[in-house]
Amino acid sequence: MIFAGSPTTITGMGYLRSGSASFVLGLVCCLGNGCGVTRDVGLAGRCADIMQRAFPSATIEIGKSEASATSLTTIIARVEGVRSDMPPEGPLARDLAVECRFDENILTGFRWTTGPLH
């Protein structure tokens, strides 16, 4: 590998080092972290996460969760939870449940089966 020219001043060397260090650090973080992709969570866990993200103002304790295949490429995940920030006799629904549909591990459907609007 031939470089166009080596830096002749200390400031030029610092620029090359900081640029290289930033690139290497970014590469290591991306590879080490998987670029933010969670690989060790099942589809029921992903559905539970989506339920909590869909209702961010509520504190939800996840209860029962299950996933079952309906075809070779389609999986339906069902998750139940309870809002711990609501009293049992409160005016809003405390029990929550969602259903997520995944085709080839891609979320293609999400619906509340019991919850904030029912």
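All of the numbers you see were taken from the coordinates with simple rules; none came from a lab. A quick note: this is a predicted structure, and the numbers were derived from the prediction, not measured. Positions of Cβ are backbone-derived with ideal geometry, glycine not excepted, and every protein chain shown enters the neighbour counts.
Some points to look at:
- Charge tally around Ala54: other residues with Cβ under 15 Å, Lys/Arg +1 each, Asp/Glu -1 each, net +3.
- Here the range 43-114 is treated as an ellipsoid with the same Cα gyration tensor; its semi-axes, largest first and in whole Å, are 25, 10, 9.
- The range 47-118, relative contact order in percent, only Cα pairs under 8 angstrom and at least six apart counted: 25 percent
- Loop-located GluC sites (Glu not before Pro) in the range 42-110 whose Cβ has at most 13 other Cβ within 10 Å (DSSP): Glu89, Glu104
- In this structure, Asp49 and Ser71 have a Cβ-Cβ separation that, at R0 = 25 Å, corresponds to a calculated FRET efficiency of about 0.60.
- Phi angles of the range 98-111 translate, via the Karplus equation with coefficients 6.51, -1.76, 1.60 and θ = phi - 60°, into HN-Hα couplings of 9, 10, 10, 10, 10, 10, 6, 6, 10, 5, 10, x, 8, 8 Hz per residue; Gly and Pro are given as x.
- Gain in span if fully extended, Glu99 to Met86, counting 0.36 nm per residue against the direct Cα distance: 2.5 nm
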